[in-house]
Each structure stands twice: as structure tokens, then as C-alpha cells.
Amino acid sequence: ARLQDYIQDKAHDGSLKRKKRPLILICPGGGYERTSYREGEPTALHFLSKGYHACVLRYSVAPVHFPTQVLEVGQAFRVLGEYADQWNVDMDRIVVQGSSAGGHLAACYGTFWNQDFILASLGGTAKDMKPKGIMLSYPVITSNPTYAHMGSFHNLLGEDYKAQADRVSMEKQVTEAMPACFIWHTMEDDAVPVENSLMFVTALRKAG
């Protein structure tokens, strides 16, 4: 895995009042078999043009399996924390964005950020690991075969698919600790059915 950072230059003439900038941490899609270029750098450059810092996480894919990818998002938070002062990153305003299978990873992090398996593995505190928000673009959410993008789940879980499918079916994992979410999808999506987002929104509403 690697983290590609797109950090705004500092304004040395005093023209900017904001000393630290929010950051978008981008998880491209690719069905957990690759990480898409078009959902990575072009997205980062868009947010960069709006005044955000941006990072693209090229997370591990098959044959590497869950929970490695979620831990890599957490490790990205640790790296950003180390360089926050140098890069002028507002650690209280980090949004994790993901598209398709990357949306699944972003949703995973949004539900698991405060769980022991992340905190124990990375040695951080829950406060260090909490994102300000989650931004999901046509996300893979459910492992229900009726609506699932099955290739993503088989790549993510490998031989553990049957044992772990419910754990990574994100509509079943939402709690009141989930950060605020912005979600978009299209009804015409024939790769990841829109029901994925609708099921997740229903779970978010139920959790308050």
C-alpha cells in the first residue's frame, strides 16, 4: 500500500486566514483487485482546486484480505497526524471518500474506526482515528447476493467469504458512532445496484 499526498502550498504573503486546511482521504474503486486511476488522482486534483489537501490511498488488494485494507486507512490517519503541523492539515476535518469498492472501504472505516482491532493494531486513540465525515460515491455496501457486487466481496475475503460476509455487509454494522455521511448513486448503475446506498441510508437513519 502507499499514500499519495497532494498538499497545498503555504501562502507566505499572509493572504490566507486559514492556517490549516481540511483534507480528503480518497479510496479509489476497483473491486478490491486493483485501485482505479480515474477515481484517484483526478478526484484529488478536483478537491485540491477547491482548497482542500487530498491524499489517495493505494490500499492492498487481492490476494491480500480484510481487515488489512481498513488498517491501512487507519495507518494513513497516523501518517497524517505525524505530518499535520508540517503540512498544515486540520486533523479534525478529515473526510474519507470512496468510490464503488473504495466506497465500501470508506464505509468500513466509518463503522470500525473506534473498534479494538484497529486501535490495538495501530496503537492510536479513538480520537486520533475518527474521521469528520464519510463521502460515498456509488458504494459497494451489502453482501446480500441479490444486490451485492460479489466480485468485490470474494476478492476482499477470499476463503473466509462465508464466515466474514455479514461482518463486511456494512448496512449491518452501522452504529450511532458513524460519522456524518454524504452519499450519491444513480438509479441506472448496473454494476453496483442503487439498493446498496438505499440500504445504507436506511441503516444510518435507524441508528440516528
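So which of Tyr138, Tyr147 ends up being surrounded by 14 or more Cβ atoms within 10 Å (Cβ to Cβ) and over 19 Å from the mean Cα position of the chain (by Cα)?
Details: Tyr138 fails: over 19 Å from the mean Cα position of the chain (by Cα).
Just a single option satisfies the conditions, and that option is Tyr147.
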Can you find a residue that is within 19 Å of Thr111 (Cα to Cα) and at pLDDT 95 or above anywhere in segment 36-59?
yes
Residue pairs meeting the criteria (Cβ under 9 Å; at least 6 apart or on separate chains; first in contact (Cβ under 8 Å) with a residue 40 or more places away in the chain, in segment 107-121; second among the aromatic types (Phe, Trp, Tyr) and not in a helix (DSSP H, G or I))
Cys108/Phe66
Could you go through segment 26-39 and let me know if any residue there is out of contact with any helix residue (DSSP H, G or I) (no Cβ under 6 Å at 6 or more places or on another chain), open to solvent by less than 30 Å² (accessible area, probe 1.4 Å) and hydrophobic (A, V, I, L, M, F, W, C).
no
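Could you tell me whether segment 119-129 includes any residue that is in contact with a Leu (Cβ under 6 Å, 6 or more places away or on another chain) and either within 17 Å of Thr35 (Cα to Cα) or not charged (D, E, K, R) (or both)? Break it down stepwise before answering.
Looking only at segment 119-129, we keep the residues that are in contact with a Leu (Cβ under 6 Å, 6 or more places away or on another chain), and these are 121.
Add one more test, that the residue is either within 17 Å of Thr35 (Cα to Cα) or not charged (D, E, K, R) (or both), and what stays is 121.
Yes: one or more hits.
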Filter segment 155-184 down to the residues that are over 28 Å from Pro63 (Cα atoms) and either surrounded by fewer than 16 Cβ atoms within 10 Å (Cβ to Cβ) or of a type outside the set (Val, Ile, Thr) (or both) and list them by number.
Thr175, Glu176, Ala177, Met178, Pro179, Ala180, Cys181, Phe182, Trp184
Scan segment 81-103 and give yes if some residue there is under 13 Å from Ile134 (Cα atoms), open to solvent by 10 Å² or more (accessible area, probe 1.4 Å) and within 15 Å of the chain's Cα centre (by Cα), otherwise no.
yes
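The values are calculated or read from the model by the stated rules, or taken from the named source; none is laboratory data. Source: prediction; values computed, not measured. Neighbour counts are summed over all protein chains in view; Cβ atoms, including those assigned to glycine, are modelled from backbone coordinates with ideal geometry. The protein model used for the area step is the full one, side chains on, heavy atoms only, and it has no ligands, DNA or RNA in it. Shrake-Rupley method; radii C 1.70, N 1.55, O 1.52, S 1.80 Å.
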